[in-house]
1. Would you call Asp28 farther than 16 Å from Val101 by Cα, of a type outside the set (Lys, Arg), surrounded by fewer than 16 Cβ atoms within 10 Å (Cβ to Cβ) and in contact (Cβ under 8 Å) with a residue 12 or more places away in the chain?
2. All but one of (1) closer than 23 Å to Lys15 by Cβ; (2) without any contact (Cβ under 8 Å) to a residue 40 or more places away in the chain hold for Gly105; state the number of the condition that does not hold.
3. If I go through the stretch 83-118 residue by residue, how many of them are among the small types (Gly, Ala, Ser), under 19 Å from Lys46 (Cβ atoms) and out of contact with any Gly (no Cβ under 6 Å at 6 or more places or on another chain)?
4. Quick check on my filter: what residues within the stretch 71-102 are of a type in the set (S, T, N, Q), surrounded by fewer than 23 Cβ atoms within 10 Å (Cβ to Cβ) and over 9 Å from the mean Cα position of the chain (by Cα)?
5. When the stretch 95-112 is examined, which residues are found to be outside any loop (DSSP other than H, G, I, E, B) and in contact with a Cys (Cβ under 9 Å, 6 or more places away or on another chain)?
Amino acid sequence: MKIGIASDHGGLKLKEAIKRHFTTIEFDDVGTHTDESCDYPDYVAKLCRKIQDGELTSGIAICGTGIGASITANKMRGIRAALCCNEFMAEMAKRHNDANVLALGGRVLGEELAFRIVERWINTSFEGGRHQKRIDKIHELEKAQQKPK
């Protein structure tokens, strides 16, 4: 299994802990790689472009609170990012919303909780059915936004 992962300086410590903890997962780490102040949109966009291009099917985006990473990811066509702060949210994000990006807050989650959130998200499948029509409606909204006025 290969998952993309990105962070800014506020999420770097948690990103590295996740990579160390999940040894059976291959991570495509698009940065940052230092604790110098940087801008989360740069790294989150890089991760999401890989998903858009089909290089990856999913990713984890981490900033200080997860809010900026989530907002940025959700501005990109085809991305359904979910900011999750517990295991139930992670499960529902995948099961009902087919979230392809998990957003986390490096400064607000302890490592053990973050590991459980990631584990639940990874091990949950999209349920489809009645939820697919909702995903289809999201795609229609994206298409409508692309049309010139």
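The values are calculated or read from the model by the stated rules, or taken from the named source; none is laboratory data. It should be emphasised that the depicted structure is a prediction, and the values quoted were computed from it without experimental measurement. We place every Cβ from the backbone using ideal geometry, glycine too, and count neighbours over all the protein chains shown.
1. no
2. All conditions pass for Gly105, except number (2).
3. Within the stretch 83-118, residues that are among the small types (Gly, Ala, Ser), under 19 Å from Lys46 (Cβ atoms) and out of contact with any Gly (no Cβ under 6 Å at 6 or more places or on another chain) number 1.
4. Those that are of a type in the set (S, T, N, Q), surrounded by fewer than 23 Cβ atoms within 10 Å (Cβ to Cβ) and over 9 Å from the mean Cα position of the chain (by Cα): Asn74, Asn86, Asn97.
5. Val101, Leu102, Ala103, Leu104, Gly105
Table: residues versus (1) assigned to a helix (DSSP H, G or I); (2) hydrophobic (A, V, I, L, M, F, W, C); (3) at pLDDT 95 or above.
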residue	(1), (2), (3)
Asp28	no, no, yes
Asp35	no, no, yes
Cys38	no, yes, yes
Arg49	yes, no, yes
Glu55	no, no, yes
Thr65	no, no, yes
Ser70	yes, no, yes
